[in-house]
Each structure stands twice: as structure tokens, then as C-alpha cells.
1. Name the single residue that is nearest to the chain's Cα centre (by Cα) among those in the stretch 381-394 being more than 17 Å from F370 (Cα to Cα) and of a type outside the set (D, E, K, R).
2. Of the residues in the stretch 279-324, how many are within 11 Å of ligand 1 (Cβ to nearest atom) and in a loop (DSSP other than H, G, I, E, B)?
3. How many residues, within the stretch 225-248, are polar (S, T, N, Q) and part of a loop (DSSP other than H, G, I, E, B)?
4. Looking only at the stretch 253-278, how many residues end up being assigned to a loop (DSSP other than H, G, I, E, B) and either buried (at least 24 other Cβ atoms within 10 Å of the Cβ) or of a type in the set (S, T, Y) (or both)?
5. Please list, ordered by residue number, the helices (runs of 4 or more DSSP H) wholly in the stretch 133-224 having 2 or more residues that are touching a residue at least 12 places away in the same chain (Cβ under 8 Å), out of contact with any strand residue (DSSP E or B) (no Cβ under 9 Å at 6 or more places or on another chain) and within 30 Å of L345 (Cα to Cα).
6. Might you let me know whether the stretch 105-119 holds any residue that is of a type in the set (V, I, T), more than 16 Å from ligand 2 (Cβ to nearest atom) and at pLDDT below 95?
7. Determine which single condition C286 fails, assuming it passes every other condition in (1) buried (at least 18 other Cβ atoms within 10 Å of the Cβ); (2) in contact with a Phe, Trp or Tyr (Cβ under 9 Å, 6 or more places away or on another chain).
8. Give the residue, chosen from L416, L365, L373, L425, that is outside the structural domain of I314 (by TED's automatic domain parsing), part of a helix (DSSP H, G or I) and of a type in the set (A, V, I, L, M, F, W, C).
Amino acid sequence: MATYFLLLGALGLLYCSKLYSSILASVGFSVIGYVVTDFLIPRVSPSFVKIGLFGKDLNKPTQPVIPETIGAVASTVYIFIMMFCIPFIFFKEMVTTVGGGHRDLSQTENVNGGLFLHNKLSEFLSGLLCLETTTLIGIADDLFDLRWRHKFLLPAVAAIPLLVVYYVDFGVTYVLIPKFMRKWLNGKTNIDLGSIYYLYMASMSIFCPNSINILAGVNGLEVGQSIVLGVIALLNDILYLSIGPEVSHEAHRLSIILITPFIGVSLALFKWNRWPARVFVGDTYCYFAGMVFAVVGILGHFSKTMLLLFIPQIVNFIYSCPQLFGLVFCPRHRLPKLNEKDGKLYPSRADLIENPPKKVFVPVLYFLHFCKLIDLEFETKDNKTIIKSCSNMTIINLTLVWLGPMREDKLCNNILAIQFITGLLSVGIRHIIGTILFGTDNLHPITSN
Ligand code: UD1
Ligand code: MG
């Protein structure tokens, strides 16, 4: 019954959106995305298991086998929904052509008396193309467990259409110089990074998907963190649309149009993936979700602010580097370990006796242990103390080192709460510090010297 009401509401929103706004349409499609994803997941999951797409839920006493790669359902629904979205978003700019096939004779004025926004459509389509390619990469990874070196650069290739549209449409590659540094640079207010800026955006398209994939292993965390990222990005958009300057509205409207349906399909996926998980999202969802934010950051021209929302993922990546780059042994799974006696999760550990760390890194391990940033376990052999194991370097395990063992759902909620608070603070601080450092903030452009 509730589903019918939701669908009815969504259709109402779509009808109103024709008259009023593309944002209403995206809210309507978001509801449809939720309903369709929620409808499809239980129905298609057995087919995933049938072709071998399943995984063991490692933190349950019986380690049940559940369908994997179900994120592919969410991303496919999202892509289809965004296709349907196109006529609604561009309704007011649509042209009635009456030139008998001759473009120059055709009537080019739309219902608003303006021209059809081809550049806006190409922005939108380049974003969709990038997300489609990313979903393909994710599915290939889930099917064939691609090697890190093989899949590393692929998201940047997927982002090429986006970067081309950015170059043609916007092309801004300069960054502002903080006020206190300007006196050393002959009063220059900005510095043009040129192609380095494109390299930065391409790196972002590699980083965002992978950073979500390595902050994983607890039921609901992959989708939960993506929903939190989406909500904070939306709050930032609403801030700009309500009190920001007119020039920023178009970019933030596009951001809302892309993110709202993403939250819709993700909420349905979360319903099935939250503790105790009935499906796994797979790498497909992690890559797709990360790419949604890279696309929004690049097309919305706020890639630096978007990266601020990724602070927990950035911290998790930096903290993981010793294991990712082989200084310390990295087991196949770094997710926390269940203690069946109390039903709580404990930090998982890397065995450092069989796989000793690089010698140069041993003092760093002692230092991190002293700062309570990892937990080392020692063993005495022939009157010599050696490191037996260390807690795996993820912020999931670190939360357990700091706060003590806890149940899987509580751990997920705690990490999501920390992420939400950090995200809100970073957006707030970005606007305050931005004003102090640069003498201007694009939310309240004030000129000062
Ligand atoms: C990344 C992490 C790995 C972590 C894994 C969990 C790095 C370098 N890699 O690897 O440490 O263990 O994600 O997703 O940090 N699983 C659960 N419960 C969950 C989620 C996943 O038990 O809530 C297990 C299941 O067996 C599932 C498997 O993890 O089949 C999926 O792992 P996969 O996504 O293939 O791992 P990676 O992304 O390679
Ligand atoms: Mg994964």
C-alpha cells in the first residue's frame, strides 16, 4: 500500500515538474528509483547466486552465503531513471522544429523564448556515459576479480568525456591564492594550473571510487557512507540555491538532479544491505557511487569542496598506505573479526611473524603504537621481543581500537555518525576559512584586499 502511495506521489511530482522545476522531477524519479530498486532486489538476487555471484558474510557465526554485486541493480536502475529524466529536465528548453529537416529554417525558440541548451545536455550525457562505463568496470571486477594494476587507471578513462566537456564548457583551471601568500607573488590573486588541473580531476575519478571500496567490510557501510556523502552534498547545494549567488545556481541544480535519484536507489539498497545483510553490494556499487561524486564535483565545478566531503575516506586511504604499498603485510580481507562468545567485532590483525614488515618501517610501527594509532601484539623469543601482529590499518579497525569491541550494526552507525559530523564541519569550515584565507567565498562573494 505504502509503495502505491509513494508511486502516486512520485507521478504527481513528475506532473508538477513539467510546469515548475527539474528539481521536482529529480525528487519524483528518486522515489521511483527507490521503489523499483526495492522491488527488483529480492526478485533478481537468486539469479545472481545461480551464476556464482555470492559471498560469505564473514562476521556472522554461521558465515551465510548471500548474493553479491547487487549494487549493479541500483546502478542500472539509476542509469535508466536518468535517461527518463532527460525530457523532464530539458522540458522548458525543448524546441518544436518545423524546418522540414533544414536546421537553419527550423524554429529554434523554445517555450521560454530561449535556445535549447545543447551544452547542458552534453554535460548531462557525458556524466551518464561516465557512470555507465564505471558500472561496466565494476561488474567486470566483481566477475573476474581484476588485478589492481589492471583496473587502476580505468576510471580515469571513463572520465575522459567529462573532462572534454569541462574543457569546452567551463575550462577554468586556476585556483585562488590565499591572501597571506599574495605579497610573495606580486599581488597575484590566482594561479593557473593548466593541464595539472585536468590531472587532478582525473585523479579524483580514480580516488573517489577506490576510496569507498576500501572503507568496507561491515554490513551497510559501503552504501551508508555513500548516502551520507549524498546528503551532505545536497545540503551544500541547498545552501547555494538559497543564499548563494545566481551564477552558482545552475551548477548546484545539476548536482541536485544527479544526487537525489542516487540517494533514492541507494536507500533501497541500504535496506537490503544493512545489518544483518541480505545482499552484498559488490565493487560495482562502490565504483559507481564514488564516480557519482566525481561527476558531480567536476560538472558542478566544485571538485575541491567535494573532496572535503571525502575526508574520512582520505584519512582511511592515507592510514592504509603502509599496507597498500607493501611496507606492512596486507591480508586479502582487513574487515574486523567476530568473537562468537560475545557477538562483538574486534580489530582484525596482520600476522607479522610469517610476513615481517619492511625493516625501515618498524620504528614507525612502534611510534604509531605509542600514539595509539595501531595496536601491536608482541612475542618474546630467545629473550628477544618481536612484533607478533598489528591491527589492520583501516579506520574501521581504529574505531574498535579506540572505542573497544562492539556489535557490527553499532560499529557501522558510529562510523556513519563520525562521517556525517566531519562532513558537516568540513563544509562549514570550508566557507568560514575560505572567507578568511581568500578574502572571498563563492557563497558570499565579498571583495576585499
Ligand atoms: C576491500 C578491502 C578488504 C575488505 C573488503 C570487504 C582493502 C585493500 N580491501 O577489498 O580489506 O575486507 O573490501 O568488502 O582495504 N564482506 C563481508 N561483510 C560485509 C562486506 C563484505 O563479510 O559487510 C566480505 C564478503 O565475503 C564479500 C567480500 O567481503 O564477499 C567482498 O569483498 P571485496 O569487495 O571483493 O573486497 P575488496 O573490494 O577487494
Ligand atoms: Mg569491494
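The values are calculated or read from the model by the stated rules, or taken from the named source; none is laboratory data. All values reported here derive from a predicted model rather than from experimental measurement. So basically every Cβ, Gly included, is an ideal-geometry build from the backbone, and we count neighbours across all protein chains shown.
1. That would be T394.
2. 3
3. Here the count works out to 0.
4. 0
5. 195-214
6. yes
7. Of (1) buried (at least 18 other Cβ atoms within 10 Å of the Cβ); (2) in contact with a Phe, Trp or Tyr (Cβ under 9 Å, 6 or more places away or on another chain), only one is false for C286: (2).
8. L365
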